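Colleague: Before I ask anything, here is the structure I am working with.
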Amino acid sequence: MNHREVQTYQYATQETIMTREFSSQTPVPGIVIETRNDKIIEAKAYFTSEMWMKQREVTTLYIQRMTRGWLARREAARARKERDHDSEENARKQEELRKKDEEEHKREIERRMHPKTTEDFEILRNELDAWRETETKKIKDAGKNGELTPEEVQKALHQLLLKETKLLQTIDRLKNTASTINREDRIENMLQAMSAAKMWKRTDGRFTEVVTPLTTRAKELMDLYHGLKMPFLSIDDRLDILLHVKWTVNEFDCNLTREVVDLIDREADMLNRGRPEKSLEGLRKRLCNLFLQFVETVEFNPEAARFQKVPRKMLQEAQTNFNE
């Protein structure tokens, strides 16, 4: 009590209100205490520090075991997912390779059945030469081994020559067919390009389709050309197309347009006479070719200037110099 800290210590009292009121009451006579909700707590066996440390160790080992199992299951799931992904990727690549091989095989067969390009016909020629050399070698080897007599060897070589000639004729027919198809495709691509809308680039980098009077003119000529090429038309429809073509070419007066008009009049006269379609094939083919020349002429179709390999002005100057 005589210590300085005890003598100078400032004591303070602070009250607080609990969220729930508690109280205790000693049973005394005259007071009834409610005991229905009371719980009797009995002391359990004494828990020593060694027991506490042992329980902590057991619990720690359990937590570690569960954590390692969770990590192992997560790693196994990741490995299975990666394995399945690799398996699917390999299957997808194999399927792509299979489809690619099939498409390549079909394309090679198509190139031999319906050749179109110079490379396709070169392949046919090389394979024909290789086949001829192989068959010739077989026949000559058979003659040397005594399997065939000299007369049989000559006969076999003659038969081989006939087969080769027939195959060469087949290749020539395919070449003519391919030339016709390629020409039609080239003409169609040219007409589509002439009549396509112009693509103008805007300031924001996007493009806007613009239809000009020149592209409209080219589209009208393309439609007329397609009308002339259409087969199996009735007489009235065919005469209507011929009339529209005649109106179009009559806007200009030159040798080409006069010849086109003359062919149109001849076909119209033959149609009115009831001539069969087969007798008009040559006339219609010539009319289509002349109208195609009309479409490809810059004076009649300004959009054709982009598709001329040699400028028309240069051709005119060269012809003028030649005439002089």
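Colleague: Over the chain, with every protein chain in place, what whole percent of the accessible area is carbon and sulfur at 1.4 Å, could you tell me?
Modeller: Reported share for carbon and sulfur atoms: 54 percent.
Colleague: Then there's this: In degrees from 0 to 90, rounded to the nearest 10, what is the angle of the helix 255-272 Cα long axis to the longest principal axis of the chain?
Modeller: Approximately 90 degrees, to the nearest ten.
Colleague: Something else about it: Suppose only helical runs count, i.e. DSSP H with n ≥ 4. What mean residue ellipticity at 222 nm does that imply for the chain under -39500 (n - 2.57) per run, divided by all residues and rounded to the nearest 500 deg cm²/dmol?
Modeller: Result for the chain, helices only: -24000 deg cm²/dmol.
Colleague: Suppose every Lys and Arg Cβ carries +1 and every Asp and Glu Cβ carries -1, with no other charges. What dipole size does segment 153-295 come out with about its Cα centre, to the nearest 20 debye?
Modeller: 720 debye
Colleague: Could you give the accessible area per residue of segment 92-233, probe 1.4 Å, as a whole number in Å²?
Modeller: 75 Å²
Colleague: To test your reading of the geometry: what angle, between 0 and 90 degrees and rounded to tens, separates the Cα axis of helix 312-323 from the longest principal axis of the chain?
Modeller: Here the helix axis deviates by roughly 20 degrees.
Colleague: Continuing with the same structure: Please give, to one decimal in nm, the separation of the simple spin-label points placed at Thr117 and Trp52, each 7 Å out from Cα toward the Cβ.
Modeller: Roughly 8.8 nm, to one decimal.
Colleague: Using the Cα gyration tensor of segment 122-165, with a ≥ b ≥ c the square roots of its eigenvalues, what is the shape: rounded (a/c below 1.5), prolate (a/b larger than b/c) or oblate (neither)?
Modeller: oblate
Colleague: So, one more: Tally Lys and Arg at +1 and Asp and Glu at -1 over the other residues with C-beta under 14 Å from the C-beta of Glu102: what net charge comes out?
Modeller: -2
Colleague: Leaving out ligands, DNA and RNA but keeping every protein chain, what accessible area does Arg73 have, in Å² rounded to the nearest 10, with a 1.4 Å probe?
Modeller: Probe radius 1.4 Å; accessible area of Arg73 about 150 Å².
Colleague: Another one. Aspartates and glutamates near Lys138 by alpha-carbon distance under 15 Å, same-chain residues fewer than 8 away left out - which ones?
Modeller: Within the straight-line cut-off, Lys138 pairs with Asp129, Glu147, Glu152.
Colleague: While we're here: Identify, among Val58, Thr118, Leu174, the residue whose Cα sits farthest towards the positive end of the charge dipole of the chain, taking +1 on the Cβ of Lys and Arg and -1 on the Cβ of Asp and Glu, with the dipole about the Cα centre.
Modeller: The residue sitting farthest along the positive end of the dipole is Val58.
Colleague: Could you compute the FRET efficiency for Glu152 and Lys175, with r as their C-beta to C-beta distance and R0 at 41 Å, rounded to 0.05?
Modeller: 0.75
Colleague: While we're here: Mind checking the dipole of segment 107-199: about its Cα centre, +1 per Lys or Arg Cβ, -1 per Asp or Glu Cβ, Debye to the nearest 20?
Modeller: 200 debye
Colleague: How do 165-176, 253-264 rank on mean C-beta neighbours within 10 Å, highest first?
Modeller: 253-264, 165-176
Colleague: What do you get for the angle between helix 118-144 and the principal long axis of the chain? Use alpha-carbon atoms, 0 to 90 degrees, nearest ten.
Modeller: For helix 118-144, the angle is close to 80 degrees.
Colleague: Starting with the highest mean, order 54-60, 157-163, 218-224 by the number of other Cβ atoms within 10 Å, averaged over the residues of each peptide.
Modeller: Ranking, from highest mean packing down: 218-224, 157-163, 54-60.
Colleague: Moving on to the next point. Please get the size of the charge dipole for segment 53-99, origin at its Cα centre, with Cβ charges of +1 on Lys and Arg and -1 on Asp and Glu, quoted in debye to the nearest 20.
Modeller: Charge dipole of segment 53-99: 300 debye, to the nearest 20.
The values are calculated or read from the model by the stated rules, or taken from the named source; none is laboratory data. Quick caveat: nothing in here was measured; it's all calculated off a predicted structure. In this analysis, Cβ positions are derived from the backbone assuming ideal geometry, glycine residues included, and neighbour counts consider all displayed protein chains. For accessibility, only protein heavy atoms count, side chains too; no ligands or nucleic acids. Shrake-Rupley method; radii C 1.70, N 1.55, O 1.52, S 1.80 Å.
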